[in-house]
Amino acid sequence: MYNPNDAHLKSWVKVPADSDFPIQNLPFGIFSDGKKSPRAGVAIGEYVLDLHQLQKGGYFDELKLPDKIFKQPSLNAFFALGRKKVGKLRKEVSKMLNEAAENRTIKYISKKCLIPVDVAEMLMPVAVANYTDFYSSEDHARNVGSMFRDPDNALLPNWKHLPVGYHGRASSIVVSGTPLHRPMGQSKAPDADKPSFGPSQRLDFELEMAFITCRNTLLGERISTKEAENDIIGLVLFNDWSARDLQTWEYVPLGPFLAKNFGSSISPWVVTLDALKPFKTEGPKQEPEPLDYLKYEGRHHYDIQLEVSIAAAGMDEKVVCQSNYKYLYWNMVQQLAHHTINGCNICVGDMYASGTISGPEKESWGSMLELAWKGTKPIEMPDGSTRTFIEDGDIVRMRARAEKGGVRIGFGEVVTEILPPVAI
Ligand code: CA
């Protein structure tokens, strides 16, 4: 049986040793080469493979895919075919890129289907139907609880019984490379007697991963922890931008609103759960035992190394955080089971962010709020300046990769430059 995750596979397309996109990865994205209409592609080394061109050449005939399924500005219709079909296609692509592929295939692909990454502009991979943000890292929840409430009683009573979350805004999710303006808004300093309006003074990133669903369910339908993985196609890196000063003032009693909905940035490649299978790992022991509908069997955490850096014009980038997706307390099958336990329906292209992924060590904390401890411990930068939050002109870069047995499955990066506020 051909296994596209086999560490021994080699591609005839040259893949640099430090590439995020070896033949074992084959993530899906939407790209434009500036000439043809946006379409679906697969990343291989330093190229994007044009899936529409392959379908046109008859290479997927056996899979009986709908006509022009890849000649679309989103992957939604393709992902709606389901995890099994998408997995089959990934396997076919792997065979075509394998060094053992037929000469005829190699010739056709080299001539017609490979676009260098520096020519391809990556676009949003999916039309985001709905966006939910969880709060599933215990270290993050404890850090925030200690800062704003009581260090001895940092977790709220519900936290270990359910994956806390809220509904975010889908319209302002943007792809890596899209600059964002510093938001303006209302805030109130603790010692001020009234609120004021102006640019956020506490703009922050949140290091997260988001999973994407590939099925439309009916209202009233539930997804169990056992079934959940079949409805999840893959993951992207997710930067849930947050304006802390706006958040502090507005969030009571209903939760985040304008402090979060001005923008969230994602990496352009959807790395499939199929490709991540070798990186499954144990999660933390859950104590107290969760209610039955949140119990799960098997391993549903993933060992994915995460990194955040800050750079600016004339300043080298500095890595400020190194964390790991495996640190989450609640995993994605629990999150999806909880999300649907009340009968809430899900859609193809929904995005479910993990919540800020902080680890136990200070260096692994996934936001400036924690790294600079509410502004009290400034971080030194390579040019001698310091940061407590993100400044105008800063470029925040997140990277993610899983590595094992000589195989590296990477996500590429999500990079965002922060611009000054739009004048009123
Ligand atoms: Ca968040």
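The values are calculated or read from the model by the stated rules, or taken from the named source; none is laboratory data. None of the values given here were measured: they were computed from a predicted structure. We place every Cβ from the backbone using ideal geometry, glycine too, and count neighbours over all the protein chains shown.
General observations
- Looking only at residues in the stretch 157-181 that are touching a helix residue (DSSP H, G or I) at 6+ places or on another chain (Cβ under 7 Å) and not aromatic (Phe, Trp, Tyr), the one that is surrounded by the fewest Cβ atoms within 10 Å (Cβ to Cβ) is Leu162.
- With respect to the conditions (1) modelled with pLDDT of 95 or more; (2) over 30 Å from Gly87 (Cα atoms); (3) not β-branched (Val, Ile, Thr), Leu219 lacks only one, and its number is (2).
- Elements of type strands (runs of 3 or more DSSP E) in the stretch 231-336, at least 1 residues being away from the ligand (no atom under 16 Å from the Cβ) and either under 18 Å from Tyr135 (Cα atoms) or at pLDDT 95 or above (or both): 232-239, 305-312, 315-324
- Residue in the stretch 183-196 that is in a strand (DSSP E or B) and within 16 Å of the ligand (Cβ to nearest atom) present: no
- Among the residues of the stretch 71-114, those identified as of a type in the set (A, V, I, L, M, F, W, C) and within 24 Å of the chain's Cα centre (by Cα) are Leu75, Ala77, Phe78, Phe79, Ala80, Leu81, Val86, Leu89, Val93.
- Exclusive hit being assigned to a loop (DSSP other than H, G, I, E, B) and among the β-branched types (Val, Ile, Thr), set Val119, Val93, Val42: Val119
- Where Glu92 falls short, out of the listed (1) more than 20 Å from Trp269 (Cα to Cα); (2) without any contact (Cβ under 8 Å) to a residue 40 or more places away in the chain; (3) more than 16 Å from the ligand (Cβ to nearest atom): (1)
- For Ala129, the stated conditions do not hold, so it cannot be described as within 17 Å of Val42 (Cα to Cα), modelled with pLDDT of 95 or more and either over 26 Å from the mean Cα position of the chain (by Cα) or away from the ligand (no atom under 16 Å from the Cβ) (or both).
- Only a single item in (1) outside any loop (DSSP other than H, G, I, E, B); (2) in contact (Cβ under 8 Å) with a residue 12 or more places away in the chain; (3) out of contact with any Leu (no Cβ under 9 Å at 6 or more places or on another chain); (4) within 18 Å of Gly45 (Cα to Cα) is not met by Lys111, and it is number (2).
- Within the stretch 354-389, the residues that satisfy the criterion of being farther than 17 Å from Ser146 by Cα, more than 16 Å from the ligand (Cβ to nearest atom) and in a loop (DSSP other than H, G, I, E, B) are Pro378, Met381, Pro382, Asp383, Gly384, Ser385, Thr388.
- Residues (of a type in the set (Gly, Ala, Ser), surrounded by 23 or more Cβ atoms within 10 Å (Cβ to Cβ) and away from the ligand (no atom under 16 Å from the Cβ)) located in the stretch 338-353: Gly349
- Considering only residues in the stretch 8-23 that are farther than 16 Å from Lys91 by Cβ and small (Gly, Ala, Ser), the one that is surrounded by the most Cβ atoms within 10 Å (Cβ to Cβ) turns out to be Ser19.
To keep it simple, each residue is scored yes or no on (1) outside any loop (DSSP other than H, G, I, E, B); (2) polar (S, T, N, Q); (3) at pLDDT 95 or above; (4) more than 15 Å from the ligand (Cβ to nearest atom).
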| residue | (1), (2), (3), (4) |
| --- | --- |
| Ser136 | no, yes, yes, no |
| Asp139 | yes, no, yes, no |
| Asn143 | yes, yes, yes, no |
| Ser146 | yes, yes, yes, yes |
| Pro157 | no, no, yes, yes |
| His161 | no, no, yes, yes |
| Arg169 | no, no, yes, no |
| Val174 | yes, no, yes, yes |
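- All conditions in (1) surrounded by 15 or more Cβ atoms within 10 Å (Cβ to Cβ); (2) without any contact (Cβ under 8 Å) to a residue 12 or more places away in the chain; (3) on the phi > 0 side of the Ramachandran plot hold for Lys64, with the sole exception of (1).
Quick grid of which residues meet (1) modelled with pLDDT under 95; (2) within 20 Å of Leu276 (Cβ to Cβ); (3) under 26 Å from the mean Cα position of the chain (by Cα); (4) polar (S, T, N, Q):
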| site | (1), (2), (3), (4) |
| --- | --- |
| His8 | no, yes, no, no |
| Pro16 | no, no, yes, no |
| Pro22 | no, yes, yes, no |
| Ile30 | no, no, yes, no |
| Ile44 | no, yes, yes, no |
| Ile69 | no, no, yes, no |
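- Any hit, the stretch 237-258, residues being β-branched (Val, Ile, Thr) and under 22 Å from the mean Cα position of the chain (by Cα): no
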